[in-house]
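Written out below as C-alpha cells is the structure these notes cover.
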Amino acid sequence: MVDTETFVPDAVAEIDEKIGDANAVIALSGGVDSSTAAALAYEAIGDQLTPVYVDTGLMRKGETEEIRETFGYMDSLRIVEAQDRFLDALEGVTDPEEKRHIIGEQFIREFETVATDVDADYLVQGTIYPDRIESEGTIKSHHNVGGLPEVVDFEGIVEPMRDLYKDEVREVARELGLEEIISERMPFPGPGLAVRIIGEITAEKLEVAREANHVVEEELEDYEPWQALAAVIGKATGVKGDNRVHGWVVSVRSVESRDGMTARAQEIDWDTLQRIQSRITGSHENVARVVYDVTHKPPATIEYE
C-alpha cells in the first residue's frame, strides 16, 4: 500500500520539477484518477495548470453539471462541448479497439487546441498501473495509454500516478482532502459509455446506456461495488403493452475487486434485480429485456469493450 504522507510531497515535487515555469493542461473527467492527478498538479504549479473537461457526449447522466459545481473554484477550468465531433468521428465504427483509438485521438486533439490557447507545453494524465498493464499487454488499450496517436503536440506527458493501483489512488485522494463524492467514486472508463455499447454508437443507444447506468449506480450503491454498470449488448424480441417489440437488451454488471486486475461478480438479491429491470425497461420504450452478468474477471473483463 502506498505511503501517502511521502507519496504526495514526492509527486508534487516531481510535477514541479518536470513542468517548471511552463504551463500544462490536464484531462479532467471527474473520476478519482483524473481528479487526484489534477489536485496534485494544482498543488505543484497552481495557475499554470488548466483543467480541461471534454464533454464527449459519452459521459454519465449529469456529469457536465457536476464538473462545473465540483471544480468551478478553479478559475482556469475549461469545459469543451465536443459531442458532435466525437459522435461524427465514431459514426459507423463497430470495432472496440478502433473506437478506443478514435476517442484517444479526439481527446488529444481537443487538448492540443486548449494547449495552444493557454500556451501549454505539458499534458498531465491520471494514468494508473492497471491502465498500463492492460494496454502494454494484449487485453485492450486505454485512451490515455495505448490509444494515444503517434504524434502528440506536447513537450511532455506527466503521469504522477502511473505506478499506483485504484485503491492507492483513493488513499492519495483522501490525503489531499478531496470530497468523498470524488475519493470514493466507482471507476468510469476513459472512453465513457462507448465501451458499454456493443457495435455502432447511436444517439438511441447512448440514451438507453446513460439512463440504465444511472439506475444501476443508484440501486446498487448500498452493495458498495468496485464497479457497477449497464451495457447495451444487442437486440431481442419483447412485449410492450399489446405490441411485440424488437428492443434493446441491457446487461447489468456489478463486481468486487481490489485493483481491477481481477474481479468477482456480486450476488445481488432478487428484489433488487427486479427493481433494476423494472426501472430500466420502463425508462425507454425500446428496451426489451434486462439480464444480469455473473461472469468473473477472468475470463471476462469488467467492461464490455
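The values are calculated or read from the model by the stated rules, or taken from the named source; none is laboratory data. Computed from a prediction, not measured in an experiment: that's the story for all the values here. We place every Cβ from the backbone using ideal geometry, glycine too, and count neighbours over all the protein chains shown. Accessible surface areas use protein heavy atoms only, side chains included; no ligands, DNA or RNA. Shrake-Rupley method; radii C 1.70, N 1.55, O 1.52, S 1.80 Å.
What to note about this one:
- Among the residues of region 241-282, those identified as modelled with pLDDT of 95 or more, in a strand (DSSP E or B) and open to solvent by less than 80 Å² (accessible area, probe 1.4 Å) are G247, W248, V249, V250, S251, V252, R253, S254, V255, A263, A265.
- Failed condition for A212, given (1) open to solvent by 10 Å² or more (accessible area, probe 1.4 Å); (2) in contact (Cβ under 8 Å) with a residue 24 or more places away in the chain: (1)
- Qualifying positions in region 185-196 - in contact (Cβ under 8 Å) with a residue 60 or more places away in the chain and not in a helix (DSSP H, G or I): R185, P187, F188, P189, G190, P191
- On the stretch given as region 115-137, residues that are among the β-branched types (V, I, T) and either buried (at least 17 other Cβ atoms within 10 Å of the Cβ) or modelled with pLDDT under 85 (or both) total 4.
- Set side by side, the residues A236, A288, A231 differ, and just one is open to solvent by less than 50 Å² (accessible area, probe 1.4 Å), touching a helix residue (DSSP H, G or I) at 6+ places or on another chain (Cβ under 6 Å), under 19 Å from A212 (Cβ atoms) and outside any loop (DSSP other than H, G, I, E, B), which is A231.
- Residue under evaluation E168, criteria (1) open to solvent by 30 Å² or more (accessible area, probe 1.4 Å); (2) over 15 Å from the mean Cα position of the chain (by Cα), criterion not met: (1)
- Filter result (closer than 18 Å to A24 by Cα and either open to solvent by 70 Å² or more (accessible area, probe 1.4 Å) or outside the structural domain of E63 (by the TED database) (or both)) within region 102-112: R109
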